[in-house]
Amino acid sequence: MTFTTVFQNIIKLLAKYWDVFLVKGVSVTLALSAITVVFGAVLGALLALMRRSHLGVIRFLVTAFVEFIRGTPMLLQLYVGYFIVPLLFPALEIGTFASISVALVINSGAYVSEIIRSGIQAVDIGQTEAARSLGLTKGMTMRKVVLPQAVKNILPALGNEFVTIIKETSLASTFFVGDLMTSYLIVKGATYLAFESLIIVGAIYFVLTFSLSKLVGAFERRLKQSD
Amino acid sequence: MTDTVLIETRNLTKSFGGLQVLKGVDIQVHQGEAIAVIGPSGGGKSTFLRCLNLLETPDSGDVIFEGQKINQKGTDVDKYRQKMGMVFQHFNVFPHMTVQQNITLAPVLLKKQTKAEADAKALYLLERIGLLDKKDEYPRKLSGGQKQRLAIVRALAMEPDVMLFDEPTSALDPEMVGEVLSVIRALVEAGMTTVIVTHEMGFAREVSDRILFMADGVIVEQAAPADLLDHPQQPRTQEFLSKVL
């Protein structure tokens, strides 16, 4: 296997299977990532709020949940989602894509809740004290003073979470959901050109994550400027 | 100054961890009175001030504001805080709002004033402290002295019955101390009830009706400025003043 043959094989694979990689694989990976980020952010915000509850029981349960998710492998969680979610809602006839999405969202929600929590904690306590000293309620202080400032800490971290998730969705190929890594499995199965397929998939992943993290970086700099 | 007691504390105590910072503080602040609180760092001055509007919850004792005990369960603390303006050492202006928005936020949100009233009031206050031309700027463009003046009028916009100042000039460059002190002086002269924790002895002597000397969690001595600063009775006060004057 020389460099030239590898290169030629890559060209051949791209010519024949470009739509498997670029259309199907990329779109499913991006869809899976977008679903995970959006719903993960919603779930994360909810969890972060619950961790600030004045009921100790809720705080304990949510913290335990977040620690459990962070402390177990994502692949394991995907398996659990794959087997459990359809059992929980048999009437809905949930497919693999949906079950895996649910597992990804739950995983991401736990991480996002930590992002939001630390973003809120990073806002100077003096801001809260000033707002409360004016007579603002806890809720008003959170909405009008703390959160608008925390968003500047949170948004860039959420962007980075998106980048991470794009890479992590590759684990979903274990269940053949049709993402970019599944494209690799398909093409490898059809052509036995494992190495070449991997290079193609790797390059696409890199382009996706690199350009996205550059975008996040630019966005972060703009947020900093308005400080 | 009138005889009406605006704020009173009775046997106030407060500990952080194992350290008792307040060991039973009793004071009365009369309407229209200007009180300066001086003393060594760690003596409990700031904690005492922050207990008055319950930014710190006292462990025991009473905080009585306008005849109501406010440090008990079921009290709507927010309602009382609206009448107690506070100014902090580190300004704590809101960086994500313009100068004018900093001032109008609380009055509008708490429905004390309509948006139009609050805006008019903000402009009037900014004019008085000479920051009218900065009304649409964000606080990052302001100097320390300007930020602190903004913080003062932000509190004034709520039309409080008392103003609490927690070392308002300690974080300022020396050349900016004067501009902030003159705003406070004008307030006191206009009859605002004021409690100010400060290290500016000259200022305390000049504007206050009474000085409290706090050390080790208690009020060691209190008297009119000339009496306390020139003829301190307690050894602890004498020792402190000999170091700072």
Tell me the residue from A:ARG117, A:ARG143, A:ARG132 that is within 30 Å of B:PHE88 (Cα to Cα), out of contact with any Cys (no Cβ under 9 Å at 6 or more places or on another chain), touching a residue at least 12 places away in the same chain (Cβ under 8 Å) and of a type in the set (D, E, K, R), please. A:ARG117
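Residue by residue, here is whether (1) assigned to a helix (DSSP H, G or I); (2) of a type in the set (Val, Ile, Thr); (3) touching a residue at least 60 places away in the same chain (Cβ under 8 Å) holds:
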position	(1), (2), (3)
A:GLU168	yes, no, yes
A:VAL177	no, yes, yes
A:SER183	yes, no, yes
A:VAL187	yes, yes, yes
A:SER197	yes, no, yes
A:GLY202	yes, no, no
A:VAL207	yes, yes, no
A:SER211	yes, no, no
Identify, please: which residue in the stretch A:114-173 is among the charged types (D, E, K, R) and more than 10 Å from chain B (Cβ to nearest Cβ) and is, among those, nearest to the chain's Cα centre (by Cα)? A:GLU161
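So is B:PHE165 under 30 Å from A:VAL151 (Cβ atoms), within 12 Å of another protein chain (Cβ to nearest Cβ) and not charged (D, E, K, R) or not?
No.
Looking at the structure I just gave you, is B:GLY130 of a type outside the set (Asp, Glu), crowded, with 19+ Cβ neighbours inside 10 Å and either more than 11 Å from every other protein chain (Cβ to nearest Cβ) or touching a residue at least 40 places away in the same chain (Cβ under 8 Å) (or both)?
Details: of a type outside the set (Asp, Glu): yes; crowded, with 19+ Cβ neighbours inside 10 Å: no; either more than 11 Å from every other protein chain (Cβ to nearest Cβ) or touching a residue at least 40 places away in the same chain (Cβ under 8 Å) (or both): yes.
The answer is no for B:GLY130.
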Filter pass, A:LEU155 being closer than 30 Å to B:THR104 by Cα, among the hydrophobic types (A, V, I, L, M, F, W, C), in contact with a Pro (Cβ under 8 Å, 6 or more places away or on another chain) and part of a helix (DSSP H, G or I): no
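Assess whether A:LEU55 counts as being under 30 Å from B:GLU56 (Cα atoms) and within 14 Å of chain B (Cβ to nearest Cβ).
Numbers: under 30 Å from B:GLU56 (Cα atoms): yes; within 14 Å of chain B (Cβ to nearest Cβ): no.
For A:LEU55, the condition - under 30 Å from B:GLU56 (Cα atoms) and within 14 Å of chain B (Cβ to nearest Cβ) - is not met.
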Does at least one position in the stretch B:102-118 carry a residue that is farther than 21 Å from A:MET142 by Cα, among the hydrophobic types (A, V, I, L, M, F, W, C) and at pLDDT 95 or above? yes
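The values are calculated or read from the model by the stated rules, or taken from the named source; none is laboratory data. Remember, it's a predicted structure, so these values are computed and weren't measured experimentally. Positions of Cβ are backbone-derived with ideal geometry, glycine not excepted, and every protein chain shown enters the neighbour counts.
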